[in-house]
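Working notes, beginning with the structure itself.
Here, each number is a calculation from the coordinates, and none is a lab measurement. Computed from a predicted model, the values in this text were never measured in an experiment. Here Cβ is always computed from backbone atoms with ideal geometry, including for glycine, and neighbour counts include all displayed protein chains.
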Amino acid sequence: MRNASALLAVALCGTSNVLMASGDDGLIDNVFMPEYHVPVPELQGYAAGKLGVVTPGHWRVYHFLAYRALTSRALSKDELALLAVRGHTVGADDADDATDAPSAAANWIKARGAVRGAPAVGIDVMADVGQFTMIVNCPADAFARAGGTLAQRVKQGGQQWAAVWLANQDAVFANCSPEIAQRPAPVPRPMTLPPPLPAKAPAWLVKDHAYQRAAAHFYAGRFDEARAQFLAIATDAASPWQPLGKYLAARALVRSATAVPQALTPELRVRLGQARTELAAIAPDYAPARALITWIDIRVRPEERRRELSAALAVKPVDAGTPQMVVDYLFLMDKLEPDLHMAADPMTAWIGAMQASSGDSYSSAMDTEPSKRRQASFALARAHWDARHEPLWLVALLTNARRGELKPAEARAAAALKPDSPAFVHLQYHLARLALAEGRARDADAIVSALLEQPQAVSVRNRLLRMKMVSAATDKAAFAAAKRTPAEQELPVPVPNEGLPQALPQFDDDLRAHLARHLPLATMARVKPLLPAAEQKWLAELAWTRAALLGEYALADGFTDDLARGRASTLHLYERYKKAATAQAKRDAALLIFANTPELDPRLIGDEVSRQGRVHWSCADIGFSGAADDGMELVSPAFVSAAERALLDKEKAQLGKVSKRSSYLIPRVLEWARHNKTDREAPKALHFLIASTRNECSSGAQDDSGRRYSKEAYEYLHRHYPKSEWAAKTRYYY
């Protein structure tokens, strides 16, 4: 009978046991140095104190682990196994009730076959609680345990009375999908009650019937009636359900206050407070009551509960109850966002200080207008460091420090920390970052090179190699640092309809970002032999495009063969370009290549086009192109000379004046076509340009030049080449 009691006890709780931690935004991590999580192969070392670099963007569960390690309470292998960190989640990999409950309901329907002649039923486990919100009203355990209880009733009462019990239980589950209206409901909601019992029903069935009626009211959202009936059961010493009566009466009170999405009004808070008092009376002997008290506390006294959890989690050895405590703590931190750094408890304040610059990449080391939250967190970390000189707060201090902000004594303290400290690599990394920001590339390179000589976790090594590309004194040393190893040896999840990549990537985005952001054309030509073949091909596209747009045909010539390789259908256009003897002929040949090759793009990204906002040649305005969390791709590599930077600025200023692709190419190709009407490439080029305008992005009505030029090209094509295959293929200009 105790097992049967557990059936409806779990069923009426109506809450999922999936342990979801804070912070998952559906973002895709960098495969070389994940910005949001610690790679699985590195997690044990991280939890044990080999922290490497603790990034501001890490989900908070990893900041919690770092806090423990930095305060000499690192997790053992067994403790980490109990905590079961999985991405942004902690705890066992339990199924989600929203997915599992329908399957359990289907299994229950099969289990009903134990009663001969049982009528067919259908069950919907979801309830509509308003505001476009659905909840799992009848969880998976309700159906699983109902099957076990039914088997007991068949043995206990035979087919006749088991059939009666089953009819009653079917009535209970018929209430699984009500519309639970906002209180007060204007009219009572329809519900299904277990039918009256036949005469001479056995005593056990009478007691079950009373319990099933209460459960039916509960599932139907009639919580006051359900509560009254559960309280009556609690006073019935003859009922096998009596031990659960008080708990489920309190549970009905909780559901009456929380089932419908709404703010906790004073009336609802009173209900939850009363439920908590009732649960506290039975909590010493009943674990579900203790769990429900915690659930109430995080909603009605969140600040106090967060402080309690923070104090316990900071020092308490990990046990079976810790995962749920961590989940509650992360949930409560979300409620305090964005003011975590202002919390009174040290762990929350430290985590808030560490996250203060999340989304404000380390590139803002160059900024003179720091964010207010980062500034406040920097001041907080400094105050704690000055008071106690704990490495914990030195970590937060350097994480938030920007160019010129660190005091010499603070820098000396960070540099003096011993290599066996969990904070060592983190502090060294930020000392190097600040050295780069302050123009001391040689000092930064010395730090990074020393760290790379020591064993490092894969993701940490990749992060250091990204910095090495900036700090290295020579181009050879910089590009030698380009090759990386993925931190987790798994192919990334494929984009739908695009299939899996054939191999793990070897190069991070910073390689191409440096090429596009920081190298003038002449330097691109010089460093090309230092790059792997695949990246040489990409560089050829970039450099040829920029050179051709700038009229630097001598430089473009050096990339033409690389660009033409593998482009069989347009190879003749590259041959035409190579044979062109004058600048005008080169320009005309380049226009035809551009018209036939829409992927060619000058790739002006970053600050240099912030006024126009253009990131792609086919876009008028799609905003700023962001950087990874370390911002290293925004920093000009040390091997690039001042003269090269000046030359790059001149090239970008000229390229910044180039209009959107359609606006630039169509008028020029039309002009060329008017002078070369018999050239077979003319109608073809016009067709491709018209087609490509359909894929351009626009900033709105003020940017209609693409459509206007497309219409002009369309009319010219159909007027002068009406019988060509290209005119036949071009049915619209929009």
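Of note:
- Enclosing the Cα atoms of the chain in their convex hull gives a volume equal to 217 cubic angstrom per residue.
- The chain, relative contact order [Cα under 8 Å, separation at least 6], %: 11 percent
- Whole-Å semi-axes of the ellipsoid equivalent to the stretch 430-478 (Cα gyration tensor, √5λ, descending): 17, 12, 9
- When the convex hull of its Cα atoms is viewed from all sides, the stretch 661-729 shows a mean projected area of 4.3 nm².
- Local electrostatic count, Q44, Cβ distance below 10 Å [Lys/Arg +1, Asp/Glu -1]: +1
- Each of T322, T277 has some number of other Cβ atoms within 10 Å of its Cβ, and from fewest to most they run T277, T322.
- Rounded D (µm²/s) - the stretch 100-148, Kirkwood Rh over Cα pairs, Stokes-Einstein at 37 °C, 0.692 mPa s: 281 µm²/s
- Sequence ranges 254-262, 644-652, 400-408, 686-694, ranked by mean other-Cβ count within 10 angstrom, highest first: 686-694, 254-262, 400-408, 644-652
- Less than 5 angstrom separates the built amide H of M126 from those of N137, all sequence-distant by 5 or more or on a different chain.
- Just so you know, the Rg over Rh for the stretch 377-494 is 1.02, from Cα atoms, with Rh as the Kirkwood radius.
- Residues with amide H under 5 Å from that of R603, placed H, sequence gap 5 or more: W617
- Between the helical axis of 661-675 and the longest alpha-carbon principal axis of the chain there is an angle of about 40 degrees.
- Size descriptor for the stretch 509-655, Kirkwood hydrodynamic radius: 15.9 Å (Cα pairs only, one decimal).
- Rg(Cα)/(2.2 N^0.38 Å) for the stretch 241-295, N = residue count: 1.11
- Derived scalar couplings ³J(HN,Hα) [the stretch 56-64; Karplus, 6.51 cos²θ - 1.76 cosθ + 1.60; whole Hz; x for Gly, Pro]: x, x, 4, 4, 5, 4, 6, 5, 4
- Neighbour-count ranking [beta-carbon atoms within 10 angstrom, fewest first] of M191, M354: M191, M354
- Arranged from fewest to most other beta-carbon atoms within 10 Å of their beta carbon, W161, W108 become W161, W108.
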